[in-house]
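This report concerns only the one structure given below.
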Amino acid sequence: HRMVDGTVQLQVYATEPPPRHLEYGLGKSLYTGSWEGEVDFEHLNLFGGGEILGLMVRRGTKDVEPSIRLRYSDDRFGMDGGFDVEVFSDFLGDSSSMDFDKDPGGNQGDKSSHSDDLCFRKGTTVRVRNPIKPSIVGNNMASASLERTSSRDGIHEHIGSTTVTLGPLRIPLPFQARSTFLTSITTGARVGERFNLKGSILPYLSGSATTRQILPFTDSGSTRRISPVLALQHTIAASSKQIPAHEAKAMGIAAHIRGCGPEGGVVSSVKGTAELRFPIRYSNLADASVIVFGDWYCVQQNSSGSFKGKSSVGIGFRKMVQGLPLKYDFCYTSDGRIKSMFGLGPDFDA
């Protein structure tokens, strides 16, 4: 307001946004492949120094129990990236469909050792962000986990593992194209009652690498958002035969493509996707696009088995509705089936 001497006094009132927020949504389980409802609570300033406390609860329509994760994050660990501590309890579903011809000890398969359903995993994970200087590797993370799995029959197994993740490393390409590379390596050991090897230590190793490329058809910055693009993604994953059953099942679910996928767990997989994305310029369909895609995979379900693969081709439609990225795909698979799929979430990017 105007003062007596003719000057104007401006008063600004600033308030800090609430540090707490609650979100909800839908997603697919890493271990069962089924849809789950999700509730996520997060406090972004727990002790006044930027500490983060998060609680996530997920449950599928057929899950016996919910999956729960409690996470504490801080950036004051003597490093730029900080650290996370997470306590989890995950419902795994049925892992009895693992197609191993031999148990991890090298003995001929004991049917009883695989007939029980692996249901739950509970444990703790500690992650350190950027333990390697970002000037050397732009994004990296190291983690250590201790967990215990249990089955419906009361069989338990203890697993310890460490994982190093490098990336995503962004690689600039000519003509506004871009590429990323992500890789991770996990080493661990299993101790437990499964496979009739009570008390034995079974070491295992697994790793994966993913590359993504986004190649616009034009190099003009002003038309980049409306230019058609070619999007490519390829992933390779492999493990030793001693990999835990739920991790092998997760690798199998990750190898799924539109319209088909491997049954049960796998120990090695290669997967590729190519998409032609065409933005729709019609005014009534803003933030929409049509894609033409081709997917393929090749997997090995046990260490002595042969590789098997499938592929699919199809067309899809993308539309942003009130902030939700909706997708609908229609495809023809290599085994002669026609399938349609509805999904949520953005397409991969680099």
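Some points to look at:
- Taken together, the criteria exclude LEU10 from residues that are touching a helix residue (DSSP H, G or I) at 6+ places or on another chain (Cβ under 8 Å) and part of a loop (DSSP other than H, G, I, E, B).
- Among the residues of the range 98-123, those that are open to solvent by less than 60 Å² (accessible area, probe 1.4 Å) and at pLDDT 50 or above comprise ASP117, LEU118, CYS119, PHE120, ARG121, GLY123.
- The set of residues in the range 16-54 that are assigned to a loop (DSSP other than H, G, I, E, B) and closer than 20 Å to PHE88 by Cβ comprises SER29, LEU30, TYR31, THR32, GLY33, SER34, LEU46, GLU51.
- When LEU70 is tested against (1) open to solvent by less than 70 Å² (accessible area, probe 1.4 Å); (2) among the hydrophobic types (A, V, I, L, M, F, W, C); (3) part of a strand (DSSP E or B), exactly one condition is not met: (1).
- Listed by position, the strands (runs of 3 or more DSSP E) contained in the range 227-334 that have at least 2 residues being in contact with a helix residue (DSSP H, G or I) (Cβ under 8 Å, 6 or more places away or on another chain) are 229-239, 268-279.
- Check on GLY37, in contact (Cβ under 8 Å) with a residue 12 or more places away in the chain and either open to solvent by 100 Å² or more (accessible area, probe 1.4 Å) or at negative phi (or both): yes
- Of the residues PRO168, PRO134, the single one that is modelled with pLDDT under 85 and not aromatic (Phe, Trp, Tyr) is PRO134.
- Out of SER304, SER289, sole residue that is modelled with pLDDT under 95 and touching a Phe, Trp or Tyr at 6+ places or on another chain (Cβ under 7 Å): SER289
The values are calculated or read from the model by the stated rules, or taken from the named source; none is laboratory data. No experiment lies behind these values; they were computed from the predicted model shown. Using ideal geometry, Cβ is built from the backbone for each residue, glycine included, and neighbour counts are taken over all protein chains shown. These area figures cover heavy atoms from the full protein model, side chains too; ligands, DNA and RNA do not enter into them. Shrake-Rupley method; radii C 1.70, N 1.55, O 1.52, S 1.80 Å.
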